[in-house]
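The values are calculated or read from the model by the stated rules, or taken from the named source; none is laboratory data. This is a predicted model, so every value here is computed, not measured. Quick reminder, even Gly has a Cβ in these numbers, built from the backbone with ideal geometry, and neighbours come from all protein chains shown.
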Amino acid sequence: MICFPNAKINIGLRILEKRADGYHNIESVFYPVGWSDVLEAIPMDGFGKIELHLSGIPVPGRRDDDNLCVKLYKALLKKYKLPSLKVWLHKTIPIGAGLGGGSSDAAHFMKMLNEMCKLNLTQEEMKEYVGALGSDCVFFIDNKPVLASGRGEITEAIKLELSSYFIAIVYPEMQISTPVAYGLVSPKPCNDSLKDIVLNKKVMDWKSCLENDFEKPLFDKYPLIAEVKQSLYNEGAIYAAMTGSGSAVYGVFRNRIDIASKFPTYKTWSGELKANQ
């Protein structure tokens with residue numbers, strides 16, 4: 001069985017407070033985009049063994065046991081008798097970019113195992129398993145636009161339709177550690193509604209009222225990311241922002257753009273902003 005785990009972007013991201021458990025409460029809109037990895041699983045003889053084969057973008061300094069797909073398989077083994085599997089994961093979504101590639105791999109693998117192994121898990125049960133692996137894994141089970149809160153694991157489906165627009169994503173070959181990013185940001189409460197802004201204001205008005213709280217401290221530390229954002233505006237974006245805790249930056253355009261020719265030294269992706277991937 002083969003699937004194509006897709007990325008996501010954050011439309012607005014607010015860091016509201018630091019929690020007693022060391023995590024942060026956030027508020028953000030998660031929106032699926034078409035930049036995808038490739039994940040394939042083939043049964044082997046026997047039970048309870050997984051072989052992971054990685055290709056594409058290198059995953060530096062990580063063992064197979066650190067991979068979220070492997071962790072998920074082992075977590076499910078505690079309750080289910082799973083067939084042994086050979087798993088091929090071809091990475092094209094940049095790592096440390098705020099695009100959720102690893103979380104998407106895990107969530108799509110969960111859905112794949114549920115179907116292959118006839119686990120008959122509900123959507124909520126699958127969310128419980130992947131939610132233990134990472135805050136934004138839960139989003140990729142439904143894979144539709146949501147308002148995310150808590151650590152990112154609490155999701156509320158929203159009807160946000162942006163299919164008349166195009167998106168261009170630029171990854172400036174720079175990995176940003178999530179703990180480092182959170183260490184630079186100062187949480188602050190917000191009185192206005194992010195959901196109201198995203199759903200009721202025009203996209204061309206987002207520039208003046210929709211922010212990612214990671215941008216200012218990360219732009220100060222990594223000016224190159226700020227330059228990429230400004231370059232997207234120079235190319236005609238009606239809204240541009242860093243996604244997640246960086247370092248990828250996206251621009252929303254009225255018309256399709258040849259982003260690869262504009263940023264020939266960086267990894268890029270462009271396509272329609274479809275709500276369902």
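Remarks
- Positions within segment 256-273 being touching a strand residue (DSSP E or B) at 6+ places or on another chain (Cβ under 7 Å) and either more than 14 Å from Ser36 (Cβ to Cβ) or free of Cβ contacts under 8 Å to residues at least 12 places away in the same chain (or both), in sequence order: Arg256, Ile257, Ile259, Ala260, Phe263, Tyr266, Thr268, Leu273
- Looking only at residues in segment 214-248 that are of a type in the set (Asp, Glu) and within 14 Å of Ile176 (Cα to Cα), the one that is surrounded by the fewest Cβ atoms within 10 Å (Cβ to Cβ) is Asp220.
- Condition met for Glu211 (surrounded by 16 or more Cβ atoms within 10 Å (Cβ to Cβ) and touching a residue at least 40 places away in the same chain (Cβ under 8 Å)): yes
- Failed criterion for Pro223 (all others in (1) assigned by TED's automatic domain parsing to the domain that holds Gly48; (2) over 28 Å from Asp37 (Cβ atoms) hold): (1)
- Filter pass, Ser186 being closer than 27 Å to Leu224 by Cα and exposed (fewer than 14 other Cβ atoms within 10 Å of the Cβ): yes
- Criterion (at negative phi, in a loop (DSSP other than H, G, I, E, B) and touching an Asp or Glu at 6+ places or on another chain (Cβ under 7 Å)) met by exactly one of Ser135, Ser103: Ser135
- Total residues in segment 75-110, condition over 30 Å from Gly251 (Cα atoms), of a type outside the set (A, V, I, L, M, F, W, C) and touching a Cys at 6+ places or on another chain (Cβ under 9 Å): 3
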